[in-house]
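First up is the structure itself, then whatever we jot down about it.
What follows is calculated from the coordinates using simple rules that are stated; it is not laboratory data. Because the structure is a prediction, the values reported are computed rather than measured. Positions of Cβ are generated from backbone atoms using ideal geometry, with glycine treated the same way; all protein chains shown enter the neighbour counts.
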Amino acid sequence: MFSLVVALLLSVAFADPLLWGPYRPNVYFGMRPRIPHSLISGLMWYNANDIRGINNLRHDVTMDNQGVTFGWDHYDPRLGGQQTIVDKENSVTLRTTLLKSENGDSWVVRVEGDQSPDAVLSLVYYTAIEGDGDLQLKSMLTAQGIKGDTLIEGSSPELGRFDLKIVDAHGSHPESSHPVAADRPGQNTQYAAMNVPNDNAWRARQIFLTLAQEHVNQLNTRFPDAQEDIPAFATFALANTHQPGSNFHMVQKSFQGPFAFDIEYGPRGEAFKYSVKAFDKLKSAQQAKFDTVFKPRTPFKAPEFTEFARQLVSNLAAGLGYFYGDSLVGDPDNRQSVDKTEPKSLLTFTPTRAFFPRGFYWDEGFHLIGLFDYDPDLCLQVISSWFSNMDEDGWIGREQILGPEARSRVPEEFQVQYPDYANPPTILMMLAQVGSAKQSPASIKLLKDVYPALKQHFKWFRSSQQGDIVGYDREPPSLREGYRWRGRTPTHVLTSGFDDYPRASEPSDGELHVDLLSWVGAMARSLAQIADVLGESKDAERFAKIQKDVQSNLVALHWSSDQNTFCDVAVDEFEEDVHVCHPGYVSHLPFFLRLVDAQDEKRLLSLIHQLRDEDQLWSNVGIRSLSKSDGFFGIGENYWRGPVWINMNYLALEALQYYHEHGSEAVQEQAAKLFNELRRNVVNNVYKQWKTTGAVWEQYDSMNGAAKGAKQFTGWTALVANIINMPELDAGHREL
């Protein structure tokens, strides 16, 4: 593990273009480097036409901000990009444009606002040093604020000496004849600097509101009968104070009408300036890179689908976050015993900035699949980061909730991770893709570095989730390959990723879960491929044998001849095996993961028929998560009980491609027809909802295609870009 951590740290040191980024996906805009306890910054704003505007102070991206749509129109992690934020409640459209220098040590952000000539907006940009280092205001500060540019000089052991400069580009400032406006002139920059404890700079919104309330209290004393006459831009103005040795600085600017200002960062004396030419160059470079990798196929060659796919990829990439902090880990033998781990870091993509702005193990493989062709080196660094967080036994927490800022977005009952709980190992699917792709020195090095960790993780996965085969007198071909999810309740198996998907009515040690066995088979196949690439022939044979055993046991243990599908196994009151069959994503996972023998025509045609059956899994917007004929369809929480999920539809399409390539003539024909129709349905509906709502979503209603769940779910829903890139299949027979 030590060599893996060292390799990760060295990759940060030499991969300068990726050192800085908007790696705080939980806020609308926030910059930080991939360095623990370093410089962080962020942006807040509110409408200042009247005092009620402060109630809509923006900072954190949340589902509560229904009047806000946001997304990156262009983004490349190495270059920068432009984000558009439409805030109806604050009557403004903001654009944050990030440009990076070629070597990555400097950057500039232009914050631009479009609003009516009479509209007033107040914005607060904050920056803080966490850990060793200092920040010093160099501009002249008076009781009325700062005239002209704001210059902050800083230093830290990792960043050296640097400048942060805030410069007006254009725009007018609000004016008022009220005495308070003379104390806090709208044309001046208002300022406050103070000391806050480490790991508290993320509380910037609360800190600002506390300072604003203190100023309001002072004004209430000064103008007890005329508070409403005070202009809002001055009511909540910062106090223009500077504590010695301050590590937290806030800069407040107010504008009337359209405006723009720049935030420039770079080594001491080397300011990086914004220019339209540089932005145009960024857009051209990002577009050229995208067009090289993503080539929309029939019937999605129209420009609007290309732009849609580009925005999906941009927002998936812009969901990249760098997190550092401790986490809460429970004792499997005493669930009430919880410890904090040592702090650790993670570079990860995130499912959605609005609701899940943190790392999820089973999501991450899909994120990496979505971006691997676009930026394979970045994906390799993310994989290294994840496996550097593996413990000595091989466990990786399914949710990475690192530090107090990340915990603030998670309900308390979900914060603790348990080292006997597994999660679908989708990153292994991604690594198999690395192994099967054209080999580069970087990919070979990654596979070599991470290979021991992969084997340990696989060992932990199988041992921790082992099911009981012998104890219930089961006699499948392999007495080893049967598994049961830990973390199961009567209504949920959160660890499976399929949460409320129906299972046996009561948890039992005798259960065997078909989806879990399928994931083990997919892991074994991936490891066999990786071992083969690395020349580890004995390992490759061993993993291939495990995969074969899994495939045999899937049929022997989990295939129901009555239902013609795969099912979980439970035990009745006589401890006899019974199949628990609920056709949907769980029952079809052996098919989705290509573990059904390609020449098993009877089973394949049965599974394909269920996928295309409108009374079961087929809908006009994608494959349902649960059969419409199932008694649990659409009831209760209805999370995985009917809605259409894009990640599983992507796996279905990949499987149909595979069986079209390797199956019998009858399977080829049915797979091609289903693939072409499913691909069109999925893309058309996600695109339609994007045009209607301005966002892509966590899931879609299988009955009418309506958007559901978390908004701007540009994690695995961004796989639609990859689906657009898939070629249609020939429904004719192929030569075998």
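Taking 4.7 Å between C-beta atoms as the pairing limit, the chain has these partnerless cysteines: CYS379.
In the chain, the alpha-carbon atoms span a convex hull of 166 Å³ per residue. Using the Kirkwood radius over C-alpha pairs as Rh, can you work out the diffusion coefficient of the range 616-656 via Stokes-Einstein at 4 °C, viscosity 1.567 mPa s, in µm² per second? This corresponds to a translational diffusion coefficient of 125 µm²/s. When a/c reaches 1.5 or more, the comparison of a/b and b/c decides; with that in mind, is the range 136-244 rounded, prolate or oblate per its Cα gyration tensor? Oblate is the answer for the range 136-244, as a/c is 1.5 or above yet b/c matches or exceeds a/b.
Mind checking which lysines have their C-alpha under 17 Å from LYS545, skipping anything on the same chain fewer than 8 residues away? Result set, ordered by chain and number: LYS455, LYS459. Put a dot 7 Å past the Cα of GLU637, heading toward its Cβ, do the same for THR142, and the two dots end up 6.0 nm apart.
Taking other residues whose beta carbon is less than 12 angstrom from the beta carbon of TYR28, and scoring Lys, Arg as +1 and Asp, Glu as -1, yields +3.
Take the Cβ atoms of ASP499 and LEU479, set R0 to 35 Å, and the FRET efficiency comes out at 0.70.
Converting phi to 3J(HN,Hα) with the Karplus coefficients 6.51, -1.76 and 1.60 and the offset θ = phi - 60°, the range 520-528 yields 4, x, 5, 4, 4, 4, 4, 5, 5 Hz in sequence order, with x at every glycine or proline. Cross-link partners of LYS281 among lysines, defined as those whose alpha carbon lies under 30 angstrom from its own and excluding same-chain residues fewer than eight positions apart: LYS100, LYS165, LYS253, LYS273, LYS289, LYS295, LYS301, LYS438, LYS691. Peptide packing: for 150-162, 643-655, the average count of neighbouring Cβ atoms within 10 Å per residue gives the ranking 643-655, 150-162, highest mean first. Quick one: if the Förster radius is 35 Å, what FRET efficiency do SER337 and ARG542 give, using the C-beta to C-beta distance and rounding to 0.05? It comes to 0.45.
Ratio of Rg to Rh for the range 1-155: 1.01 [Cα atoms; Kirkwood radius as inverse mean 1/r over pairs]. The order of the peptides 134-140, 561-567 by mean Cβ neighbours within 10 Å, most packed first, is 561-567, 134-140. Taking amide H as placed 1.01 Å from N in the peptide plane, ASP568 has its amide H under 5 Å from the amide H of VAL514, VAL580, HIS582, each at least 5 places away in sequence or on another chain. Normalised by 2.2 N^0.38 Å, with N the number of residues, the alpha-carbon radius of gyration of the range 276-432 equals 1.22. Seen from VAL313, the other residues with C-beta closer than 12 Å to its C-beta sum to a net charge of -4, counting Lys and Arg as +1 and Asp and Glu as -1. Distances between placed amide hydrogens fall under 5 Å for ARG486 paired with ALA422, all partners being 5 or more residues away or on another chain. Approximating the spin labels as points 7 Å out from Cα along Cα→Cβ, the THR221-to-GLU573 distance works out to 7.6 nm. Given the range 597-730, report the % of alpha carbon pairs whose separation exceeds 27 Å. Of all Cα-Cα pairs in the range 597-730, 19 percent lie more than 27 Å apart.
Take 632-639, 364-371 and order them by the average number of nearby Cβ atoms within 10 Å per residue, most first; the result is 364-371, 632-639. Between the beta carbons of ASN195 and GLU392, assuming R0 = 56 Å, the FRET efficiency works out to 0.90 to the nearest 0.05. Subtracting the Cα-Cα distance of GLU677 and ASN620 from 0.36 nm times their residue separation leaves 19.6 nm of extension gain. Projecting the alpha carbon convex hull of the range 35-279 along each direction and taking the average yields 13.2 nm². The local environment of ASN240, defined by Cβ-Cβ distances under 10 Å, has a net charge of 0 under the rule Lys, Arg +1 and Asp, Glu -1.
Going from the fewest other Cβ atoms within 10 Å to the most, the residues THR221, THR69 appear in the order THR221, THR69.
Take the Cα of LYS459, step 7 Å toward its Cβ, do the same at THR62, and the gap between the two points is 4.6 nm.
Using θ = phi - 60° in the Karplus curve 6.51 cos²θ - 1.76 cosθ + 1.60, the 3J(HN,Hα) couplings for the range 536-542 round to 8, 5, 5, 4, 4, 5, 5 Hz; x is entered for Gly and Pro.
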